[in-house]
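**Student:** Before I ask anything, here is the structure I am working with.
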Amino acid sequence: MNDFMSAGVHRLWKDHLLASLSLPPTLQALSRSPPAGSPEQPLYAHLDVAGGTGDVSFRVFDELSDCLPSLRLPPSGGKAPQATVTVCDINPDMLRVGAERAVALYGADLVETLDEPPSPAKPLRFREGNAERLPFDPCSFDSYTIAFGLRNVTDPSRALRNALELLKPGGRLLVLEFSRPPNPLLSAAYDAYSFNVIPPLGAAVAGDEASYRYLVESIRKWDDQAQLTERMEDAGFQGVAHEDLAGGIVALHSGWKL
Ligand SMILES: C[S@@+](CC[C@H](N)C(=O)[O-])C[C@H]1O[C@@H](n2cnc3c(N)ncnc32)[C@H](O)[C@@H]1O
């Protein structure tokens, strides 16, 4: 449905999210002067919340393993991987589909599925959790992404405060979410498309008109660019900025834990 509704453009938005993380220069810098810490700590740890079936996480994992090729090798001797990607979602069924995809892509040696005990040697991990209170230690991630998920969380401000807690100092949050096109002409065309095309498309493709009507309505009730900026600042993020994608139909917000 994501492909049908956006004519495949959601893939470009996710690619843009990945590019905005700037992983290659970050890893170069970290490899040159690794932070002091225990050898069990990965050089870089990423958390993708409301990660669903792994669309964003796989992009992050691919880029991390391009920079750190050892990440693709089967773990040896229980040694900690150089980087980790944790996919987290409240819905275990989504995660199980994601883990199956991950095993098919990368092999079972690299993937910790939902139904196995935590394995510190595996770099790609699937964990169930509610974004409002995730089951991880404070200050454990270098970056946190949430794509098309924050809007669905019951208390998004609480999720943002939790994100701040989980990030290391210097860590970065990226939120990809529907927003509001500032241009009135685009806004009118987008409304007409949303209300007249998406629910019937949901009925035809997914056999579920009601969920897609809810989707369209929930987007209208969600924060615009300025409101999400304020929400992130209120949660304690610094240097909050956003970039409009597709004329503001979607926005990518970024903030730092300093
Ligand atoms: C539209 S999907 C987005 C999936 C993925 N990020 C993507 O862009 O393809 C929204 C996801 O948010 C998850 N979700 C909703 N509420 C959540 C919460 N409180 N905590 C964690 N995940 C949540 C849903 O289970 C669903 O997988």
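**Student:** Rounded to the nearest 5, what % of the DSSP beta bridges within the chain are antiparallel ones?
**Tutor:** 35 percent
**Student:** Compute the distance in nm between two label points, each set 7 Å from the Cα along the Cα-to-Cβ direction, one at Arg72 and one at Ala226.
**Tutor:** 4.8 nm
**Student:** Further, regarding this structure: Compute the distance in nm between two label points, each set 7 Å from the Cα along the Cα-to-Cβ direction, one at Ser20 and one at Met1.
**Tutor:** 2.4 nm
**Student:** Additional query: Quick one: helix 209-221 against the long Cα principal axis of the chain, what's the angle to the nearest 10°, folded into 0 to 90?
**Tutor:** Long axis of 209-221 versus the principal axis of the chain: about 90 degrees.
**Student:** Still on this structure, I have one more. What value does segment 40-101 have for Rg/Rh, both radii from Cα atoms and Rh as Kirkwood defines it?
**Tutor:** Rg/Rh: 0.99.
**Student:** For segment 148-229, what is the charge dipole size about the Cα centre, in debye to the nearest 20, if Lys and Arg each add +1 at the Cβ and Asp and Glu each add -1 at the Cβ?
**Tutor:** Dipole size: approximately 300 debye.
**Student:** Looking at the chain as a GNM with Cα springs under 10 Å, which of Pro34, Pro75, Pro92 has the largest mean-square fluctuation?
**Tutor:** Among Pro34, Pro75, Pro92, the largest mean-square fluctuation in the Gaussian network model of the chain belongs to Pro34.
**Student:** Got a sec? Charge dipole of the chain, +1 on Cβ for Lys and Arg, -1 for Asp and Glu; which of Leu174, Ser187, Gly149 is way out at the positive end?
**Tutor:** The residue sitting farthest along the positive end of the dipole is Leu174.
**Student:** Moving on to the next point. Seen from all sides and averaged, what is the projected area of the convex hull of the Cα atoms in the chain, in nm²?
**Tutor:** Orientation-averaged projected area of the Cα hull: 13.6 nm².
**Student:** With a cap of 13 neighbouring Cβ atoms within 10 Å, and only residues DSSP puts in a loop, list the trypsin sites (Lys or Arg not before Pro) found in segment 57-131.
**Tutor:** Listed in order of number, the matching sites are Lys79.
**Student:** Indicate, rounded to the nearest 5 percent, the antiparallel portion of the DSSP beta bridges found entirely in segment 116-258.
**Tutor:** 70 percent
**Student:** Using only Cα atoms and rounding to the nearest 10 degrees, what angle (0 to 90) does helix 92-106 make with the longest principal axis of the chain?
**Tutor:** Helix 92-106 and the main axis of the chain meet at about 60 degrees.
**Student:** Tabulate in residue order the Karplus-calculated ³J(HN,Hα) for segment 7-24, using 6.51 cos²θ - 1.76 cosθ + 1.60 with θ = phi - 60°, rounded to whole Hz; enter x for Gly and Pro.
**Tutor:** Coupling constants for segment 7-24: 6, x, 5, 4, 5, 5, 4, 5, 4, 5, 4, 4, 4, 5, 6, 6, 5, x Hz.
**Student:** Separate question: Have a look at Gly78, Gly236, Gly129 and tell me which one the Gaussian network model of the chain (Cα, springs below 10 Å) gives the largest fluctuation.
**Tutor:** Answer for the Gaussian network model of the chain: Gly78.
**Student:** Same structure, new question: Give me the angle, in degrees from 0 to 90, between the Cα long axis of helix 184-196 and the longest principal axis of the Cα atoms of the chain, rounded to the nearest 10.
**Tutor:** It works out to around 90 degrees.
**Student:** Related question: Taking the simple approach of a point 7 Å from Cα along Cα-to-Cβ for both Ala206 and Ser187, what is their distance in nm?
**Tutor:** 2.6 nm
**Student:** Go through segment 47-60 residue by residue and turn each phi into a ³J(HN,Hα) via Karplus (6.51, -1.76, 1.60, θ = phi - 60°); whole Hz please, and just put x for glycine and proline.
**Tutor:** Once θ is set to phi - 60°, the couplings for segment 47-60 become 10, 10, 9, 6, x, x, 9, x, 3, 6, 4, 5, 4, 5 Hz.
**Student:** Could you please state, rounded to a whole Å, how far the C-alpha centre of segment 1-65 is from the C-alpha centre of segment 135-212?
**Tutor:** Rounded to whole Å, the Cα centres lie 17 Å apart.
**Student:** Given Cα pairs under 8 Å that are at least 6 residues apart, what percent is the relative contact order of the chain?
**Tutor:** 17 percent
**Student:** In addition: Checking the a/c ratio against 1.5 first, then a/b against b/c, what shape does the Cα gyration tensor give for segment 5-115?
**Tutor:** The shape class here is oblate.
**Student:** If you don't mind, there's one more thing I want to ask. First measure r as the distance between the Cβ atoms of Leu105 and Asp155, then evaluate 1/(1 + (r/R0)^6) with R0 = 22 Å and state the FRET efficiency to the nearest 0.05.
**Tutor:** For R0 = 22 Å, the calculated efficiency reads 0.05.
Where a number appears in this text, it was derived from the coordinates with a stated rule and is not lab data. Please read these numbers as outputs of a predicted model, since none were measured by experiment. Cβ sites come from the backbone with ideal geometry, for glycine too, and all protein chains shown count toward neighbours.
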